[in-house]
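The values are calculated or read from the model by the stated rules, or taken from the named source; none is laboratory data. All values derive from a computational prediction rather than experimental measurement. Ideal geometry is used to build each Cβ from the backbone, glycine not excepted, and the neighbour counts take in all protein chains shown. Each accessible area value is taken on the protein alone, full model and side chains, heavy atoms only, with ligands, DNA and RNA left out. Shrake-Rupley method; radii C 1.70, N 1.55, O 1.52, S 1.80 Å.
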Amino acid sequence: MQKLRNSNALTGWLMVSPLAVVLFFFLVLPIVMITIVSFWQATEFSIIPAFQFDNYEFLFGSPVTYTVFINTFKYAILTWIFTFLIGFTVAYYLAFHIHSLTWQVALFLLCTIPFWTSNIIRMISWIPFLGRNGIANSTLISWGVIDEPLEWLLFSDFSVVLAFVHLYTLFMVVPIFNTMMRIDKSLIEAARDGGASGAQILWNVIIPLTKPGIMIGTIFVVTLVMGDFFTVRIMSGSQSANVGRLISNDIALLQYPSASATAIVLLLTVLIVIGILLRFVDIRKEL
């Protein structure tokens, strides 16, 4: 019995070892290297391997850092709100109002069509639409809704959030739809037979049972938005910044220790956010 148990343990370690090796070299080791470099000193001409806290002191002592982090959270929260409203509505419609599996698959694939093209192309496509002489302003002027072009449609926080919502809504639709499809329809019928209204069924039955999918989608959207820098740069016209943009600027200036310190702070911030989200629901049941 002991030999059999040892053999099973050895087999388990052998099966998990390839994944462990990949995670070590492509996840753990890079994070360790970034952490080490974050304590180094950078001058205008060289990088000195030395253990010091100058990068972190400069980071936390600069008011720009707090402004950038507030911007990052603002984009993440606004994007989450809109992606959740759109994603939940689309998933709810597909799961409970489309009864044919063929139509469910067809409409779900229709939602993925925009993702067949590059993120950059989908994002840049908003520029001629939202520009001062773009389609949106021209249409509103021709309808008599406005007298002059709206300046805030492009190169503003509005355009940044709009691009984020366009890019990442599907990451909210998929896990919510997957969770809703697992809900036993008899529970909804039982609630309806018990006299519950549609709003009561939604609030007391569907939303609680959909929490794992909502949390998975939230983690995807929040982490992607907080790490994105190219969208903010293009859609804001370089007038706004987030933490990812701060890291990108440091790398462009060859300030790798400063960029590493900012990256570590961002990583810890994202992990704290994910830890808080996981306190509300056990997503292991969903995975």
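Assorted remarks:
- Burial order of peptide ranges 104-110, 35-41, 159-165 (average beta-carbon count within 10 Å, highest first): 159-165, 35-41, 104-110
- Principal axis box of segment 54-112, alpha-carbon based, largest edge first, Å: 61, 17, 13
- Two-decimal Rg to Rh for the chain - Kirkwood Rh, Cα set: 1.06
- Mean accessible surface per residue for the chain, computed with a 1.4 Å probe while every protein chain stays in place, in Å²: 61 Å²
- Choice from L153, L167, L101 with maximal GNM fluctuation in the chain (Cα, 10 Å cutoff): L101
- The simple spin-label model puts a point 7 Å past each Cα toward its Cβ; for L107 and T223 those points are separated by 3.0 nm.
- The magnitude of the dipole of segment 73-208, with charges of +1 and -1 set on the Cβ of Lys/Arg and Asp/Glu and taken from the Cα centre, is near 300 debye.
- Separation of alpha-carbon centers, segment 157-173 and segment 97-123, rounded to whole Å: 15 Å
- GNM flexibility winner over the chain from S17, S156, S240 (Cα, springs under 10 Å): S17
- For A42, the residues 5 or more places off, or on other chains, whose built amide H falls under 5 Å of its own are I48.
- Base-10 log of normalised Debye intensity for segment 1-121 (one unit scatterer per alpha-carbon) at q = 0.20 Å⁻¹: -1.12
- Local electrostatic count, Y75, Cβ distance below 14 Å [Lys/Arg +1, Asp/Glu -1]: +1
- 10 Å Cβ shell holding at most 16 others, DSSP loop, GluC sites (Glu not before Pro): longest site-free stretch of the chain: 45-285
- Helical content alone sets the calculated 222 nm signal of the chain at -22000 deg cm²/dmol, taking -39,500 (n - 2.57) per DSSP H segment of four or more residues and averaging over every residue.
- Among F164, T218, A76 the positive-end extreme of the charge dipole of the chain (Cβ point charges): T218
- What the Cβ-Cβ distance of I48 and F230 gives, at R0 = 41 Å and to the nearest 0.05, is a FRET efficiency of 0.85.
- Across segment 94-103, coupling constants 3J(HN,Hα) worked out from phi with the 6.51/-1.76/1.60 Karplus curve, θ = phi - 60°, read 5, 7, 10, 10, 9, 8, 8, 4, 4, 5 Hz, and Gly and Pro carry x.
- Two-decimal Rg to Rh for segment 111-222 - Kirkwood Rh, Cα set: 1.16
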